[in-house]
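Data first, discussion second: the structure below is written as structure tokens.
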Amino acid sequence: MSQALDEVKIGGLGASRKRVEDERFIRGRGNYTDDITLPGMLHMEILRSPVAHARIRSIDVSRAWEIPGVRLVLTGEMLASRNLAWMPTLSYDTQAVLATDKVRFQGQEVACVIADDPYIAKDACEAIEVDYEQLPVIVNPAQAVAPDAPVIRDDKENQPDNVIFTWEVGDRAGTDRAFEQADVISRLRLHYPRSHPSPIECCGSIADFNRATSKLTVYMTTQAPHIIRAAVAMVAELPEHMIRIVSPDIGGGFGNKVPVYPGYVCSILASILLERPVKWIEDKSGNLISTGFARDMYLDGEMALRRDGKILGVRIHADSDHGAFFSDAQPSKFKIGLLHSTFACYDVPAAHLTARGTYSNKAPGGVAYRCSFRVTEAMFFQERMIQAAATDLGMDQAAFRRMNFVPDDAFPHRTPFGFLLDSGQYAKCLDVGLKAIGYDDFRARQEEARQRGRLLGLGISTMTEPLGAGNSREFDILGIKMFDSAELKVHMTGKAILRTGAKTQGQGHETTWAQIVAHELGIPADDVVVEEGDTDTAPFGMGTYASRSTPVAGAAVAMVSRKIRAKARKLAAHLLEVSEEDVEWELGRFYVRSAPDRGVTIQECALAAYSNMPDGMEPGLENTAYYDPPNLTWPFAVYIVTVEVDPETGVWDVTNMVAVDDCGVRINPMIVEGQIMGGLTEAYAMANMQFITFDAEGNCIGSNYMDYLLPSAWETPGFELHSEVVTPSPHHPIGAKGIGECAAVGGPAAFVNAVLDAISHLGVRNIDMPLLPDRVWEAITYRRDVSGAPPVRSDD
Amino acid sequence: MTIVYDDLGDEATEQVPTRRIAFTINGRKKIAEVEPRLLLAHLIRRGLGLTGTHMGCDTTNCGACTVLVDGRPVKSCTMLAVQVDGRAVATVESLAGPSELHPLQEGFRAEHGLQCGFCTPGMMMAASALLAENPSPTEDEVRWALSGNLCRCTGYQNIVKSVLWAAEKLRSASAG
């Protein structure tokens, strides 16, 4: 009798398999967009606006044309003559490709030059003269709705002001009643600052239009190639089957590489006009000042509480600043993303949320930066509010949370905003975290340190978040439903190729998808090659963002493997000369129920599919699965941080950080832990240093890495990760939940809560992120809250 | 002898002053005619076709373009190509031997020290300079040596482990 396969040995579920993609990356043999060179390729550079709001009086490109090597100079006027000066956004708004009438933010695309060499193209951009008539500038929602505010979007009909939308969800009357019954009402107001996902690789594209075949190929930095193909078909009015989008290796995405950017569109148009490949590679400054930002939301909320600590209701208003064009990448039904997932892990009887989005003279975006559509703002406000409420009640931070958690036996649980939580063991996770951080004696240590003039603080953040957009009933982008797909072709020797509609950007799909196939079919993971990102070969999918790959595309991988197994079972019955009902499956092998020694491997079935199939059976062993998830997945996380704050300087150091993540079944524990540590680092960055702000003139402060601070190995603290608690998703085929973004979503509040806990005796309720030393020093010295909302003063 | 630079077309090359430089790249001698303003990173990537050296920030902050010039780590996005005249440049492509990986490459793979891979070549080059100078670095010394190289994916913990893994392997190899 054959030995049963060892799943971990073949690289199946739970194996910390070393990554397949590393082989090329460690050799410097990755293939990123800028690494691609095509014969006859030209280079494009973009001229950007130096001012935030101005009417364009004139653009003189004559000197640019005189520079040898310049092949084309494009302006908004030229695009307008082809009806291409404006393009649709992913949120039913329009965005200027190249400015025609006005510039509306600093860094907006005004013209572009295509030349033989990028240095020449840059020279030519500098030779373009633009005459600007400056206009008043708006840099926050309060200015946007002021009575005398200039209308930024005067290009749009029926847009008399700067309000993009108002939106509400929840039960207003029921929430009002909860507040009437409250013993205590806690209130919190804060600004989640504008941040930029800032992958190290900037955006770029190489458009290659072939006049002979009429086919357009675009190599580009996109997290969602199929959506881009549809968008290009609509914008450029090209037939979709003649467009091929290839997303090669991507140097980090984090949401920044979801939207359609003017640079992509201009490179495509230039290639069509010149019939040559045109490469556009953005520089860092262009990336930071013009492409998809995240956050920039003002949250104002109240919590109704019973004296004993029970939460009775929550009321929240959000003002979000979307910049000059509403180009959020998010499901069309939810104007403010999934902000209403806030407080999901707590049993809140009544809740109501209102939101208003406004335009400003800042870059457009509102992308989901390492989060599922505004979930980061939702969970940050939630955990800051929880800390404020516990403080108001004089309750222990952990006990207050434990008392209000949705209990283990209440799943599936419907939140007051309508989400359905699938599963969780919240209190158990919290207990693991508290034990690891040494919670029991922390207060005593804190008090003792205070006596000696030292400020220690402990911050907790606990949250569940909705990951895996989505189910097609509720989730679509521009009407396209958010399912995903996988295609598996098993060759006759039992080797296989798998393609999905997702697109890895460092998450390791080439490694983990093969592990799911190994789990389902017993084909060793090393025998499965994974390909993504080429719309000519990959099945249609919505791409990778919002932690949706494992919940949706990963599920499709399991489902297509099961389709293959179902056919292999028929082949096995044929080979074993028994009826299908008499065939049993174990990993990698079918056998006869009454005679377990008689069996055939999945590889033997694969060979038979091409060489010995039963009469009437279609040959081959290939299939495709489209997966429309029944629900989102709901991982749970506990992040606990201890800090020490220097009262003299406001500098704070992380002394310990514990992370407890329950993301269900882990496909590859090594990769999951890598994702969590990356997310924790971004959480630390947002809490500590990383933000983009603006002065009163709309100058972007944070336009390069000298101003936009990212933590290095030196600043980044160490993390202690825990994986003891595993609650499989009840509806995902392998019980997995999303994980890539939990730490970036739930982490920031832990750091901020810790710093505020350290100075809680001073009566400070809030310091806006990032908790820069001067802000913390100001809070300590003047015993007051510190706002971080723009405009800030510039360097003068 | 090799001449490497982008063909700018007849009309352009006539007007652009160039300078001839002689240098070594990954052990091989080269001669190049370059514009005085050409950045070293562009000479490496476009002139020599060695695309393992990445451009991240253009301002000497991110370190994705780190290479070794005469053994010292340099950010090639803010060094001019003419400055390597008479000097030796080493890029990530020089790390692996004909049949085996450098211990740093093995270490990054073994300790999951990379995700998207974009910062990895620069990280490994900065680390190789550290290990040449200090074969037994502490964790803090590794963190300090890599503080000019940014990573957005990993959180650095595994990068530090990767470098320590390589240091250990190099020490045991030299001891053996």
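The values are calculated or read from the model by the stated rules, or taken from the named source; none is laboratory data. Because the structure is a prediction, the values reported are computed rather than measured. FYI the Cβ positions are ideal-geometry reconstructions off the backbone, even for glycines, and counts take in every protein chain you see. Quick note on the areas: whole protein, heavy atoms, side chains included, nothing else; ligands and nucleic acids left out. Shrake-Rupley method; radii C 1.70, N 1.55, O 1.52, S 1.80 Å.
Tabulated results
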| item | result |
| --- | --- |
| Which listed residue, of A:273, A:312, is more than 28 Å from residue A:342 (Cα to Cα) and either surrounded by fewer than 24 Cβ atoms within 10 Å (Cβ to Cβ) or within 14 Å of chain B (Cβ to nearest Cβ) (or both) | A:273 |
| Near pairs, Cβ below 7 angstrom, 6+ apart or cross-chain, from segment B:149-174 (more than 18 Å from residue A:683 (Cβ to Cβ)) to any residue that is β-branched (Val, Ile, Thr) | B:149/B:66; B:160/B:142; B:163/B:142; B:164/B:142 |
| Single residue of segment B:56-113 satisfying the filter (open to solvent by 40 Å² or more (accessible area, probe 1.4 Å) and on the phi > 0 side of the Ramachandran plot) that is nearest to the other protein chains (Cβ to nearest Cβ) | B:58 |
| Of all residues making up segment B:23-38, the number that are within 14 Å of the chain's Cα centre (by Cα) and surrounded by 20 or more Cβ atoms within 10 Å (Cβ to Cβ) | 1 |
| Among residues of segment A:1-49, those that are under 30 Å from residue A:111 (Cβ atoms), touching a Phe, Trp or Tyr at 6+ places or on another chain (Cβ under 8 Å) and either hydrophobic (A, V, I, L, M, F, W, C) or open to solvent by 70 Å² or more (accessible area, probe 1.4 Å) (or both), counted | 3 |
| Strands (runs of 3 or more DSSP E) lying entirely in segment A:536-640 (those with 2 or more residues that are at pLDDT 95 or above and within 30 Å of residue A:257 (Cα to Cα)) | A:622-627 |
| Residue list for segment A:453-482, restricted to those being in contact with a helix residue (DSSP H, G or I) (Cβ under 7 Å, 6 or more places away or on another chain) and under 25 Å from residue A:675 (Cα atoms) | A:458, A:459, A:460, A:461, A:462, A:463, A:465, A:466, A:467, A:468 |
| Unmet requirement for residue B:150, which otherwise passes all of (1) open to solvent by less than 10 Å² (accessible area, probe 1.4 Å); (2) facing chain A (nearest Cβ under 7 Å) | (1) |
| Residue within segment A:768-791 that is buried (at least 22 other Cβ atoms within 10 Å of the Cβ), out of contact with any Gly (no Cβ under 7 Å at 6 or more places or on another chain), outside any loop (DSSP other than H, G, I, E, B) and in contact (Cβ under 8 Å) with a residue 12 or more places away in the chain present | yes |
| Filter result for the condition that a residue is in a helix (DSSP H, G or I) and facing chain B (nearest Cβ under 9 Å), over A:19, A:29, A:24 | A:24 |
| Matching residues in segment B:131-147 - criterion: being under 16 Å from the mean Cα position of the chain (by Cα), facing chain A (nearest Cβ under 10 Å) and assigned to a helix (DSSP H, G or I) | B:145 |
| Test: residue in segment A:676-687 that is assigned by TED's automatic domain parsing to the domain that holds residue A:756, out of contact with any His (no Cβ under 8 Å at 6 or more places or on another chain) and open to solvent by 20 Å² or more (accessible area, probe 1.4 Å) | no |
| Index of the failed condition, residue A:712 passing every other in (1) within 14 Å of chain B (Cβ to nearest Cβ); (2) hydroxyl-bearing (Ser, Thr, Tyr); (3) surrounded by fewer than 18 Cβ atoms within 10 Å (Cβ to Cβ) | (3) |
| Of all residues making up segment B:132-147, the number that are within 18 Å of residue A:718 (Cβ to Cβ) and either crowded, with 24+ Cβ neighbours inside 10 Å or in contact with a helix residue (DSSP H, G or I) (Cβ under 8 Å, 6 or more places away or on another chain) (or both) | 7 |
| Of all residues in segment A:50-59 being part of a loop (DSSP other than H, G, I, E, B) and open to solvent by 20 Å² or more (accessible area, probe 1.4 Å), the one that is farthest from the other protein chains (Cβ to nearest Cβ) | A:51 |
| Matching entry among A:99, A:85, A:115, A:64 (being under 17 Å from residue A:289 (Cα atoms) and open to solvent by less than 10 Å² (accessible area, probe 1.4 Å)) | A:99 |
| Test result for residue B:117, outside any helix (DSSP H, G or I), crowded, with 23+ Cβ neighbours inside 10 Å, touching a Cys at 6+ places or on another chain (Cβ under 8 Å) and within 12 Å of another protein chain (Cβ to nearest Cβ) | no |
| Residues within segment B:18-42 that are away from chain A (no Cβ under 12 Å) and either in a helix (DSSP H, G or I) or under 18 Å from residue A:119 (Cα atoms) (or both), tallied | 5 |
| Members of segment A:715-744 that are crowded, with 17+ Cβ neighbours inside 10 Å, within 14 Å of chain B (Cβ to nearest Cβ) and outside any loop (DSSP other than H, G, I, E, B) | A:721, A:742, A:743, A:744 |
| Filter result (farther than 21 Å from residue A:657 by Cβ and either in a loop (DSSP other than H, G, I, E, B) or modelled with pLDDT under 95 (or both)) within segment A:668-700 | A:668, A:692, A:695, A:696, A:697, A:698, A:699 |
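Residue by residue, here is whether (1) open to solvent by 20 Å² or more (accessible area, probe 1.4 Å); (2) touching a His at 6+ places or on another chain (Cβ under 7 Å); (3) away from chain B (no Cβ under 14 Å) holds:
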{"residue": "A:431", "(1), (2), (3)": "yes, no, yes"}
{"residue": "A:442", "(1), (2), (3)": "no, no, yes"}
{"residue": "A:456", "(1), (2), (3)": "yes, no, yes"}
{"residue": "A:461", "(1), (2), (3)": "no, no, yes"}
{"residue": "A:467", "(1), (2), (3)": "no, no, yes"}
{"residue": "A:471", "(1), (2), (3)": "no, no, yes"}
{"residue": "A:480", "(1), (2), (3)": "yes, no, yes"}
{"residue": "A:490", "(1), (2), (3)": "no, no, yes"}
{"residue": "A:507", "(1), (2), (3)": "yes, no, no"}
